[in-house]
Amino acid sequence: SAVISQKPSRDICQRGTSLTIQCQVDSQVTMMFWYRQQPGQSLTLIATANQGSEATYESGFVIDKFPISRPNLTFSTLTVSNMSPEDSSIYLCSGGAPSSQETQYFGPGTRLLVL
Amino acid sequence: LAKTTQPISMDSYEGQEVNITCSHNNIATNDYITWYQQFPSQGPRFIIQGYKTKVTNEVASLFIPADRKSSTLSLPRVSLSDTAVYYCLVRRMDSSYKLIFGSGTRLLVRP
């Protein structure tokens with residue numbers, strides 16, 4: 001199994017600013033992902049964080065708004081840029097390996113409130 | 001990826017067995033069925049995964065009929081701590097490894 005931590009756990013930000021969320025895995029994982037979850041709603045996949053190359057974004061999400069880095073197999077960051085109140089949400093990262101014997105492990109999430 | 005459909009909510013009482021059924025009519029040959037559990041203010045947690053027939057672990061059982069168009073998560077003798085949201089997902093065994101979450105089922109276990 002893998003244990004995933006996120007920093008910060010929560011933050012309150014002003015409109016127009018940016019916030020970088022860090023995701024740390026305690027072991028090497030092949031794949032890392034970023035999700036968004038509105039309170040009371042399901043998770044929406046933002047992007048796949050690829051090591052050493054540009055992230056792969058899902059429909060409706062763009063790199064300018066959500067730049068992602070993944071410098072190695074245990075760490076990734078998601079930046080929420082030029083924030084607006086609509087960006088208020090919980091952001092979660094996950095990691096795992098593409099194997100039938102393994103699955104994705106999730107971090108506890110970062111709760112973001114944009115004023 | 002195949003879309004999943006599951007009940008929005010379910011109620012149960014402590015000690016009862018709970019069965020949550022999920023439909024995934026367009027499941028592909030190389031898709032697995034995966035279930036996650038999520039408590040408030042936590043990330044989802046893997047419960048069980050299967051391809052066909054029956055899978056059992058220390059937490060739950062997963063029943064998948066021969067046509068694989070549906071699956072049933074069975075939680076034996078639930079307790080108050082099983083109150084959570086349960087997500088049924090179809091996971092494709094390819095290089096993308098993406099998980100697409102549906103709406104989930106909110107299970108409330110009453111004393």
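Observations on the model:
- Cysteines in the protein assembly as shown lacking a second Cys C-beta under 4.7 Å: A:C13
- Taking θ as phi - 60° and the Karplus parameters 6.51, -1.76 and 1.60, the scalar couplings of segment A:68-82 work out to 10, 10, 8, x, 8, 7, 10, 9, 8, 10, 10, 10, 9, 9, 6 Hz in sequence order, x denoting glycine and proline.
- Comparing the full protein assembly with the isolated chain, the residues of segment B:73-109 losing at least 50 square angstrom of accessible surface (1.4 Å probe) are B:Y97, B:K98, B:L99, B:F101.
- Taking both sides together, the accessible area buried where B meets A is about 1600 Å² for a 1.4 Å probe.
- Residues of segment A:35-49 buried by at least 20 Å² on assembly (accessible area, 1.4 Å probe, chain alone as reference): A:Y35, A:Q37, A:G40, A:S42, A:L43, A:L45
- Within chain B, the proportion of Cα pairs with more than 25 Å between them is 16 percent.
- Dipole of chain A, positive direction: furthest Cα of A:Q104, A:L45, A:S88, with charges on the beta-carbon: A:S88
- Over the protein assembly as shown, accessible surface divided per residue gives 48 Å², non-protein components excluded, 1.4 Å probe.
- For the protein assembly as shown, taking the reciprocal of the average inverse distance between every pair of different Cα atoms yields a Kirkwood hydrodynamic radius of 18.2 Å.
- Couplings 3J(HN,Hα) of segment A:3-10, computed from phi: 9, 10, 10, 10, 10, x, 6, 7 Hz, in residue order, whole Hz [Karplus 6.51 cos²θ - 1.76 cosθ + 1.60, θ = phi - 60°; x for Gly and Pro].
- Based on Cα contacts under 8 Å between residues 6+ apart, chain B shows a relative contact order of 37 percent.
- Rounded to the nearest 20 debye, the dipole magnitude of the protein assembly as shown is 140 debye, with +1 charges on Lys and Arg beta carbons, -1 on Asp and Glu beta carbons, and the Cα centre as origin.
- Put simply, the amide H of B:I48, placed in the peptide plane, has neighbours under 5 Å in B:W35, leaving out anything fewer than 5 places away on its chain.
- Top positive-direction residue, dipole computed over chain A with Cβ charges, set A:C23, A:P8, A:I68: A:P8
- Net charge of neighbours whose Cβ lies under 13 Å from the Cβ of B:Y13, counting Lys and Arg as +1 and Asp and Glu as -1: -2
The values are calculated or read from the model by the stated rules, or taken from the named source; none is laboratory data. If you're wondering where the values come from, they're calculated on a predicted model, not measured in any experiment. Because the Cβ atoms are built from the backbone with ideal geometry, glycine has one as well, and the counts that use them run over all protein chains shown. These accessible areas exclude ligands, DNA and RNA; they are computed on the full protein's heavy atoms, side chains included. Shrake-Rupley method; radii C 1.70, N 1.55, O 1.52, S 1.80 Å.
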